[in-house]
Amino acid sequence: MVAAVAELVDRSVPLVSVLAAVPNGTTVEGQTTKRTYFEPRPSPDTMIVPFVRYLSERGIVRTALVEDRDGGRSTWFAIKSLRQTPPSQSKGGTVTAHPVEADSEDFAPAVRAALATDPQAVMYVGVSPRRAALCAKALRDRGFRGPCGSVEQPFTREFLDLAGPAAEGWYFGTGHVDPDGLPAAKDFTAAYRKRWGLPGTTPVEPYATEAYDVVNWTLRALGTTVGNHSESVASGVANDLRQTPYKGLAKTYSSDGRESVVANLVGLFLWKVKDGKPYFLGEFADAAVAEAKRTGKT
């Protein structure tokens, strides 16, 4: 991604990323003086926020973290963040971390150590669907029935298939919606399924809605540029993307990206495994409140 941006910046060609993300702290060449790269999606590092918010709304003050070191930098950063800002921090919330080495698939020792701390909730901190499933199974084998959750990367069909019943009730934070849960997206979902010949029960692929939104955001910028008779179409589109937010089906898109904490949390959503399938709960803050009311305060 960084290489692609560098290649295009000299020509002022804008690049909008729907899924790929530049790691936090990475300097993207040429973006300080000529903004052409736009990443209107939450950083993968913020995917811990939805589940943490739900735990905070529940009043959970003891959370155990199963630290999957196979996740490398992502796991390290998440553990660091969770120690600094645990669920229910204002109520004295604490976390404990219990590592599983990258060359091991035995989650039982870490789960035993985690449950020995008498946690009210457990979070798998890693990026592997397979290893998250192993964690879920180990927790179920030990009889833990409190809230469990993780982040977007493990939340795949592989996790659901491998974990089986152990996946039931798990929560996940993501950067994508289920358009079937958005009344405004009814026409989009119908057109999407017609285009790909899909039955009405087939879920829309993750980030398909966001991709549709970004295409329309870019087309609007192109229309504005042409209407203004801009000397450079590429520069005009980049300028309009930078200056004018766009309200899409999934969320409002803007160039603010990671420039503020508030902007970086736009587009985070909470999901739950229900009856063995992904179930969209909605925008993370509102969904956390509603789900906590439904499941009850601790």
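The values are calculated or read from the model by the stated rules, or taken from the named source; none is laboratory data. Note that the structure is a prediction, hence the values are computed from the model and not measured. Cβ coordinates were reconstructed from backbone atoms using ideal geometry, including for glycine residues, and neighbour counts include every protein chain displayed. Only protein heavy atoms, including side chains, enter the accessible area calculation; ligands, DNA and RNA are left aside. Shrake-Rupley method; radii C 1.70, N 1.55, O 1.52, S 1.80 Å.
Among all residues of the stretch 273-280, there is at least one that is open to solvent by 50 Å² or more (accessible area, probe 1.4 Å), hydroxyl-bearing (Ser, Thr, Tyr), under 22 Å from PRO44 (Cα atoms) and more than 14 Å from the chain's Cα centre (by Cα).
Go through the residues of the stretch 102-124 one by one and say whether even a single one is within 23 Å of ALA290 (Cα to Cα), out of contact with any strand residue (DSSP E or B) (no Cβ under 8 Å at 6 or more places or on another chain) and of a type outside the set (A, V, I, L, M, F, W, C). So far as the stretch 102-124 goes, no, none of its residues is within 23 Å of ALA290 (Cα to Cα), out of contact with any strand residue (DSSP E or B) (no Cβ under 8 Å at 6 or more places or on another chain) and of a type outside the set (A, V, I, L, M, F, W, C). Within the stretch 235-258, the set of residues being open to solvent by 30 Å² or more (accessible area, probe 1.4 Å) and either in contact (Cβ under 8 Å) with a residue 40 or more places away in the chain or in contact with a strand residue (DSSP E or B) (Cβ under 9 Å, 6 or more places away or on another chain) (or both) comprises SER235, ARG242, PRO245, TYR246, LYS247, LEU249, THR252, SER254, ARG258. Listed by position, the helices (runs of 4 or more DSSP H) inside the stretch 103-209 whose residues that are free of Cβ contacts under 8 Å to residues at least 40 places away in the same chain and touching a Phe, Trp or Tyr at 6+ places or on another chain (Cβ under 8 Å) number at least 3 are 129-141. Among the residues making up the stretch 108-129, those that are within 24 Å of the chain's Cα centre (by Cα) and farther than 16 Å from GLY146 by Cα are VAL125, GLY126, VAL127, SER128, PRO129. When SER150, SER90 are screened for being under 23 Å from LYS272 (Cα atoms) and of a type in the set (Ser, Thr, Tyr), only SER150 passes.
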